[in-house]
């Protein structure tokens, strides 16, 4: 009894010190984000003001602009006030979720962004799932058959995937699967035959919630090609990283010990090697998010996918600068937050980092 | 004095170079990459003599002619023609000039800028380092293509804007690498020796430290080169880069898109050339990394 009590007493401070370590780690990471956050807001703020010439005339384009509308816009952007005041107002608006209105639709930019974001998120998650489900086993298999044909194939294919111009890859797949074979639709998220109320914004989930099985299949059908295209580079990166960190761990002493103990090859690979190799793979997977968002711009353009990538391209070509500015800042925030989560996840699965 | 600050005698340098070449040339992939890239650079340089046709010439009697191996194909247009009757092969050959030279400029700009900022950050540390790394963190917070697009939107679409935008996006990688390498080298004895010998800040930074930090930078330069080719093509494809009728690979793809169903060759070849070029540069980059920097060697 006494020994048990002593044990719990001894272990208690250790637990608290671990939580406080974790908390400190989180706080430090958050504090490091603050300057980047401010920097991002400055870049976004400067964006409209860096336009050469009079930004309002530039936004109006060749159509010209009435004097009344000019004055209205001038007041809306506050271009007549000192820069510091303008920045302060921008920051205040930003923190309240107000990024101004689109010049084209006159709707708030934040609303426009978040009404399209689920489409991009659904596509990105599908692409990431595709990349992980194929890339991870491919990397593991290549590492366990080092130097064999399979290994060379995985290395070659992933190097090709890594070098792929995905806009071309998308066109090729459309030509083959939609054109020649007629298997998949060319554009959009779902067939025009279906009208689904948006609940989550995820077409696959919404169709299931509506209980419409055919619509779900249609949504899935529309998701496949863009998902594969967007997932190709992450797939290559994940396969490469899994292979090389598996090889690194396979050379460790504890793996040799596990083998010497007579454990089965499967157990050595899955339990002793993969679990440790995954630490760096998880980080790489997390870092793909920025890549996915950038890739979404091209993928969404090719497949007319109504997400933020296509929205940004449209905004740029329509000179809808408030939308471009808002999109820049929101996407940067999302990438920053995801990278923070990846850092934290890395800290959780790899205790060496916390100390 | 000068002898003290130059660490490697010519003999040992030649020795190092020989070792590097031995490592590099045994890597078949890297060698293939090197040969391919050399060839494509030669073709780009000699484009007016190599290309069978003027890339802007429109043959109205030969619209969307398929490649030579089709029944309707002709030896006059080996890879076929596009929708206005321009020879695809000639456009690809001239396109190599744009892709390669713009990408080379991108690498040059971001490498010089990155080395300069990285040297400052790693050499002086303190607030200089904080400011530089924070700014680079901000650049890295944006997905690269998005930032490039935003910049192009400000600068108006075109060749120069695309070049500047992509160079800026690549900058942080060079800054980070240089800074890390400088910090690693700075405490070494030859640097102290050079400082004791009276070398000033500039001499220490550029003559003493920089040459010993070059290995990872050369590897990064190759990787940046391939990324730049992809990004330039992506911008061209989105209509934000090099403007038509310039025969740039990405812009060629964008033009061919509407004829995807009827003329696969107009879409297939520009993309294939981009893929092959990028792939070969990456192969070469992997070989360079393995030969130059054994620490970074992937197992």
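A short reminder: the numbers here are calculations on the coordinates, not readings from a lab. Small disclaimer: the values here were computed from a predicted structure and weren't measured. FYI the Cβ positions are ideal-geometry reconstructions off the backbone, even for glycines, and counts take in every protein chain you see.
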Assertion target for A:70, A:254, A:321, ordered by fewest C-beta neighbours within 10 angstrom first, is A:254, A:70, A:321
From the Cα gyration tensor of chain A, with a ≥ b ≥ c the square roots of its eigenvalues, which class applies: rounded if a/c is under 1.5, or else prolate if a/b is larger than b/c, or else oblate?
-> oblate
Chain B, relative contact order [Cα under 8 Å, separation at least 6], % | 25 percent
From fewest to most C-beta neighbours within 10 Å, the residues B:248, B:185, A:252 line up as A:252, B:185, B:248
Once normalised by the length of region A:116-317, the mean sequence separation of its alpha carbon contacts under 8 Å that are 6 or more apart gives a contact order in percent of 35 percent
With axes computed from alpha carbons, what is the tilt in degrees of helix A:2-49 against the longest principal axis of chain A, rounded to the nearest 10 within 0 to 90?
-> 30 degrees
With springs only between Cα atoms under 10 Å apart, run a GNM on chain A and tell me which of A:137, A:226, A:234 wobbles the most.
-> A:137
Where the centroid of each part is defined by its Cα atoms, how far is region B:29-83 from region A:226-270 in Å?
-> 43 Å
Could you state the principal axis extents of the C-alpha atoms in region A:116-317, from the largest down, to the nearest angstrom?
-> 62, 35, 34
Exposure-ranked with fewest Cβ neighbours within 10 Å first, B:63, B:42, A:223 stand as B:42, B:63, A:223
Quick one: helix A:275-303 against the long Cα principal axis of chain A, what's the angle to the nearest 10°, folded into 0 to 90?
-> 30 degrees
For A:154-166, what's the mean count of beta carbons from other chains sitting within 10 Å of each residue's beta carbon?
-> 5
Could you tell me whether the protein assembly as shown comes out rounded, prolate or oblate from its Cα gyration tensor? Rule is a ≥ b ≥ c as square roots of the eigenvalues, rounded for a/c under 1.5, then prolate if a/b exceeds b/c, otherwise oblate.
-> rounded
Report relative contact order for chain A in percent, whole number only (criteria: Cα-Cα under 8 Å, sequence separation at least 6).
-> 25 percent
By how many degrees, 0 to 90 and rounded to 10, does the Cα axis of helix B:214-237 deviate from the longest principal axis of chain B?
-> 30 degrees
Before rounding to the nearest 500, sum -39500 (n - 2.57) across all DSSP H runs of length at least 4 in the protein assembly as shown and divide by the residue total; then give [θ] at 222 nm in deg cm²/dmol.
-> -24000 deg cm²/dmol
Considering only A:95, A:230, A:340, give the residue with the highest GNM mean-square fluctuation for chain A, with springs between Cα atoms whenever their separation is below 10 Å.
-> A:95
Between residue A:256 and residue B:202, the FRET efficiency computed from the C-beta separation at R0 = 45 Å comes out, to the nearest 0.05, as 0.30
Part-to-part distance (alpha-carbon centres) for region A:295-346 and region B:276-291, which is given in Å | 30 Å
Per GNM of chain A with C-alpha springs under 10 angstrom, the most fluctuating residue out of A:97, A:295, A:251 is A:251
